[in-house]
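Written out below as structure tokens is the structure these notes cover.
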Amino acid sequence: MASDSPSVLVVEDDSAQREILSYNLEADGFRVALAGDGEEALMLVKELAPDLIVLDWMLPNLSGIEVYRQLKTRNATRNVPVIMISARSEEVDRVRGLETGADDYVVKPYSLIELMARVRAQLRRTRPSLVGERLEYGDIVLDSETHRVSRAGKPVKLGPTEFRLLATFMEKPGRVWSREQLLDQVWGRDIYVDTRTVDVHIGRLRKALCDNGGDDPLRTVRGAGYALG
């Protein structure tokens, strides 16, 4: 499976449910990591930096709610979407699940088709380039399904790393990304790359975007990093 496929961490103590979710997510094109309890989940989140977490409410030792609260207190995981799963079907429990800040709440027994749709909906919101969405900023168009980029209607030739960099910028125009954040997002946390490598690829991206004319859309923020626009 492609390394740039969306990654999902499934946190579920029931092994049968875990395997069913894993099988269906992988069949749908996702990379999947599995955790059976809250402590393991927090460890894997730190190691793998998943794009989305499917989190069971009732877990041994550390509850899903507590795992969620810890995730939201960390800068690195604060914006990772979480879909909470629970056997609790009463309205008050569903409201509590959403009030904790969970992005979605699914009650067992649930439809796998519906859950897959909710996973994709959350990723469309937070990481649209990962689910084949077309991104536009000014006269720049990035089609993540065909892996093509154009500016003012003319094709822009990008290498794989420059493409991922541009997709990251276009998902959140205006956001300032530090070099370390770009390394995590584009290269991955399990790969050691010198931060100066980011500058090299930013330079290549700038050159490619301006080859056919037009202003440089990337902004260098001294002491902070880079932003689009």
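Touching a His at 6+ places or on another chain (Cβ under 7 Å), surrounded by 13 or more Cβ atoms within 10 Å (Cβ to Cβ), closer than 20 Å to LEU135 by Cβ and acidic (Asp, Glu) - does that describe any residue in the stretch 158-172? For the stretch 158-172, residues touching a His at 6+ places or on another chain (Cβ under 7 Å), surrounded by 13 or more Cβ atoms within 10 Å (Cβ to Cβ), closer than 20 Å to LEU135 by Cβ and acidic (Asp, Glu): present. Looking at the stretch 114-214, the helices (runs of 4 or more DSSP H) lying wholly inside it that each contain 2 or more residues that are under 15 Å from the mean Cα position of the chain (by Cα), farther than 30 Å from MET84 by Cβ and not hydroxyl-bearing (Ser, Thr, Tyr) sit at 160-171. Here the condition is being outside the structural domain of LYS46 (by TED's automatic domain parsing) and at negative phi; of ALA121, ALA167, it holds for ALA167 alone.
Based on what the data block shows, is VAL186 closer than 23 Å to THR77 by Cα, β-branched (Val, Ile, Thr) and buried (at least 20 other Cβ atoms within 10 Å of the Cβ)? So VAL186 passes the test. Considered as a group, the residues in the stretch 199-215 that are of a type outside the set (S, T, N, Q) and modelled with pLDDT under 90 include one that is surrounded by the most Cβ atoms within 10 Å (Cβ to Cβ), and that residue is GLY214. For the stretch 130-161, residues that are farther than 18 Å from GLY29 by Cα, touching a residue at least 12 places away in the same chain (Cβ under 8 Å) and touching a Lys or Arg at 6+ places or on another chain (Cβ under 9 Å) total 9.
When the residues of the stretch 52-78 are filtered to those that are in contact (Cβ under 8 Å) with a residue 40 or more places away in the chain and either exposed (fewer than 12 other Cβ atoms within 10 Å of the Cβ) or of a type in the set (Asp, Glu) (or both), the one that is nearest to PRO128 (Cα to Cα) is ASP56.
The values are calculated or read from the model by the stated rules, or taken from the named source; none is laboratory data. Since we're looking at a predicted model, the values are computed, not measured. Note that we place each Cβ from the backbone using ideal geometry, even for glycine, and neighbour counts take in every protein chain shown.
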